[in-house]
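The structure under discussion appears below in the form of structure tokens.
The values are calculated or read from the model by the stated rules, or taken from the named source; none is laboratory data. Small disclaimer: the values here were computed from a predicted structure and weren't measured. We place every Cβ from the backbone using ideal geometry, glycine too, and count neighbours over all the protein chains shown. Accessible surface areas use protein heavy atoms only, side chains included; no ligands, DNA or RNA. Shrake-Rupley method; radii C 1.70, N 1.55, O 1.52, S 1.80 Å.
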Amino acid sequence: MPASMAEQPVLIEINGLTKRFGSFTAVNHVSFNLARGEVLGFLGPNGAGKSTTMRMLAGFMIPTAGTARICGHDVQTDGVAARRVLGFLPEGAPTYPEMTVTAFLTFCAKVRGFTGRDLVQRVERAVGLTRLDSVLLQPVETLSKGFKRRVGLAQALLHDPPVLVLDEPTDGLDPNQKHEVRTLIGQMAAEKAIVISTHILEEVDAVCTRAIIIASGQVVADATPAELQGRHPSGKLDDVFRQLTVEPA
Amino acid sequence: MRNVFIIAGRELAGYFATPVACVFIVIFLVLQGALTFNLGGFFDRGQADLNPFFTFIPWVFLLLVPAITMRLWAEERRLGTIELLLTLPITQTQAVLGKFLAAWVFCAIALVLTFPFVITVNILGNPDNGVIASGYVGSLLVAGAFLSVGAAMSALTKNQVIAFVLAVAVCFVFAVASYPVVTDFLSRNTPVLAEIARRIAVIDRYQDFTRGIVSVRDLIFFASFIGFWLFLNAVLIEQRKAD
């Protein structure tokens, strides 16, 4: 962590977070803190426990052990307060298929307590950030994958939350849209703590100030992208990722 | 409370945005009409009341209400929207109440649309409209009772067919609990259970309403019945939301 960020408030505190499904341990004692201004790339192979960790952080899954706090609010004991300051994009960006984009975003804004002019402005702002202007009155089910993802993203940005947790925000987007989303994340980075999970390692290089690699539910690396690259002679994140996450034969 | 209404509003709009509302209401009205006029012998009886109409209501609800509730949670699970809904700053109780309220209001709309029966009977004779009104109150409570059962069953599974079949089965048990077939069998073997069966029977309570009797006991029964199943619903969602 650069020294300038040391004074930023810690917005996400995860301590010993563990999730077991029967005898299978999906997430095993994951701990990390994230301060404002940090963009954390959450990496790992499929099934490593990325989504499970994010779901526990969002208060959707109940951890078997450990705690998670967002802006000081425990996600289990003070869930509503924690979720109020969190923008969460669930895996696959689920939305209600029969609702129009406007209706869906208005619903989310209402639940978040906005009314009247403020509500309209919030929705307009989120629509502008995610470039949804052209599809506002279309039912979500008629939209392309890229637009659906952006609707999910708009929902997470509505209330301009200090903490963003985005599960694969660029999955299904074309290269131009990916670039836009990365630019957007870059613009917001300074005043938020952002966690994104991704399979695209170049993304980590492009937007993240820090990367955590998780394999079989455990954190195997926690460093800046540059540091990680230095851990393999080739200097490529791909190689570092493979080295850390492929089980020795 | 505000959140409950926001969720209920979204749900209710969802019914009307899909063919669900239209199909349900049309089938409900056609079934009620056919049963009342044909099987119920509405005209042949020569009496100015809606007894045949109210006799069939619980049985039509038994079939149709689980069709509304089967999607309540099962569909949210299938689409993954449950993850979105429950990570908004609302409590699970608010989500449970909102969904139930929307379904209940929807049933109330379907019931209101049976007004031609009331008009017909008022043109043909001089019915006791007080009895008709209490019959409607009873019908709405039966709908609420079945909805609360169905909602809890829907929370159990992500498969809508399973949710439907379970809801029909459980509602059926509560519907027929006071019928002689059940109570005779129970009193021969376990008299205690026979007494309990008679007390928890939804149809028995409902029949008081159709006779024009609105008693506090029956109202408390329905309130606690619905309350119990909604509580179970909330517990099931809490325990199994991510499954």
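Projected area of segment B:2-240, taken from the Cα convex hull and averaged over every viewing direction, in nm²?
On the way: hull surface 56.1 nm².
Computing the convex hull of the Cα atoms and averaging its projections yields 14.0 nm².
Heavy-atom surface analysis with a 1.4 Å probe gives segment B:2-240 a carbon and sulfur content of 71 percent of its accessible area. For chain A, a Gaussian network of Cα nodes joined below 10 Å ranks A:217, A:152, A:186 by mean-square fluctuation, and the top entry is A:186.
In order along segment A:56-73, phi translates into HN-Hα couplings of 5, 5, 7, x, 7, 10, 8, x, 5, 8, x, 9, 9, 10, 10, 6, x, 8 Hz, rounded to whole numbers, per the Karplus curve 6.51 cos²θ - 1.76 cosθ + 1.60 with θ = phi - 60° and x for Gly and Pro. Across the options B:56, B:189, B:94, the greatest Cα extent toward the positive end of the charge dipole of chain B (unit charges at beta carbon of Lys, Arg, Asp, Glu) belongs to B:94.
For segment A:97-249, what does the alpha-carbon gyration tensor say about shape, rounded, prolate or oblate, given a ≥ b ≥ c as the root eigenvalues, a/c under 1.5 as rounded, and a/b over b/c as prolate? Prolate, because a/c is 1.5 or more and a/b exceeds b/c. Considering segment A:94-160 at the alpha-carbon level, its Rg and Dmax are found to be 10.6, 31 Å. A simple charge model with +1 on the Cβ of Lys and Arg, -1 on the Cβ of Asp and Glu and nothing else charged puts the dipole of segment A:135-202 at about 100 debye relative to its Cα centre. Taking the DSSP beta bridges with both ends in chain A, the antiparallel portion is around 55 percent. Computed from Cα atoms alone, the Kirkwood hydrodynamic radius reported for the protein assembly as shown is 25.3 Å. Springs join every pair of Cα atoms under 10 Å in this Gaussian network model of chain B, and among B:26, B:137, B:149 the largest mean-square fluctuation is at B:26. Averaged over the residues of A:59-67, the number of partner chain Cβ atoms lying within 10 Å of the residue Cβ comes to 2. With a 10 Å cut-off around each Cβ of B:10-21, the average count of Cβ atoms from other chains is 3. A simple spin-label model places the labels of residue A:223 and residue B:185 7.0 nm from each other, with each point 7 Å out along Cα-to-Cβ.
Using C-alpha pairs below 8 Å separated by at least 6 residues, the relative contact order for chain A is 25 percent. Using only alpha-carbon positions in segment B:149-243, the gyration tensor eigenvalues give semi-axes of 27, 17, 12 Å once each is multiplied by 5 and square-rooted (largest first). With the helix formula -39500 (n - 2.57) applied to DSSP H stretches of n ≥ 4, chain A reaches a computed 222 nm mean residue ellipticity of -10500 deg cm²/dmol.
Between residue A:218 and A:28, the built amide H atoms are under 5 Å apart, and every one of these is 5 or more places off in sequence or on another chain.
In chain B, the longest principal axis of the Cα atoms and the axis of helix B:51-79 are about 10 degrees apart. Quick check: Cα centre of segment B:84-99 to Cα centre of segment B:170-243, how many Å? If you average the Cα positions of each part, the centres end up 27 Å apart.
Arranged from highest to lowest average of other beta-carbon atoms within 10 Å per residue, in what order do the peptides B:226-237, A:98-109 appear? All intermediate terms of the calculation are to be shown ahead of the outcome.
Values: B:226-237: 19.2, A:98-109: 21.2.
Most protected by this proxy first, the peptides run A:98-109, B:226-237.
For the listed residue pairs A:145/A:178; A:148/A:178; A:19/B:99; A:50/B:241; A:19/B:241, the alpha carbons are over 21 angstrom apart in A:19/B:99. Assuming charge only on the beta carbon of Lys and Arg (+1) and of Asp and Glu (-1), the dipole of the protein assembly as shown about its Cα centre is about 400 debye to the nearest 20.
How many angstrom lie between the Cα centre of segment B:27-52 and the Cα centre of segment A:171-220? Here the answer is 64 Å between Cα centres.
Helix A:175-188 axis versus longest C-alpha principal axis of chain A: approximately 90°, rounded to the nearest ten. Taking Cα atoms only, the orientation of helix B:216-240 departs from the longest principal axis of chain B by about 30 degrees.
Taking every alpha-carbon pair under 8 Å whose residues sit at least 6 apart, segment A:53-179 reaches a relative contact order of 31 percent.
Rounded if a/c is under 1.5, else prolate if a/b is larger than b/c, else oblate: which is segment A:41-98, with a ≥ b ≥ c the root eigenvalues of its Cα gyration tensor?
Values: a/c = 1.95, a/b = 1.16, b/c = 1.69.
Oblate shape, in that a/c is at least 1.5 and b/c is the bigger or equal ratio.
Between B:63, B:84, B:166, the residue with the greatest mean-square fluctuation in the GNM of chain B (Cα pairs under 10 Å linked by springs) is B:84.
Taking amide H as placed 1.01 Å from N in the peptide plane, the amide H of residue A:11 sits under 5 Å from that of A:34, A:35, A:36, each at least 5 places away or on another chain.
Efficiency by 1/(1 + (r/R0)^6): what FRET value for residue B:105 and residue B:27, r their Cβ-Cβ distance, R0 = 25 Å, to the nearest 0.05? Display every interim value, and only then the final one.
Values: r = 19 Å, r/R0 = 0.74.
After rounding to 0.05, the efficiency reads 0.85.
Shielding by partners for peptide A:83-95, expressed as the average number of C-beta atoms from other protein chains within 10 Å of each residue's C-beta, is 4.
Using a cutoff of 8 angstrom between alpha carbon atoms and counting only pairs six or more residues apart, the relative contact order for segment B:102-243 works out to 31 percent. Only one residue of B:170, B:235, B:6 has its Cα farthest out toward the positive end of the dipole of segment B:2-240, where Lys and Arg carry +1 and Asp and Glu -1 on Cβ, and that residue is B:235.
Only Lys, Arg, Asp and Glu carry charge here, each on its Cβ (+1 for the first two, -1 for the last two); on that basis segment A:94-160 has a dipole of about 160 debye about its Cα centre.
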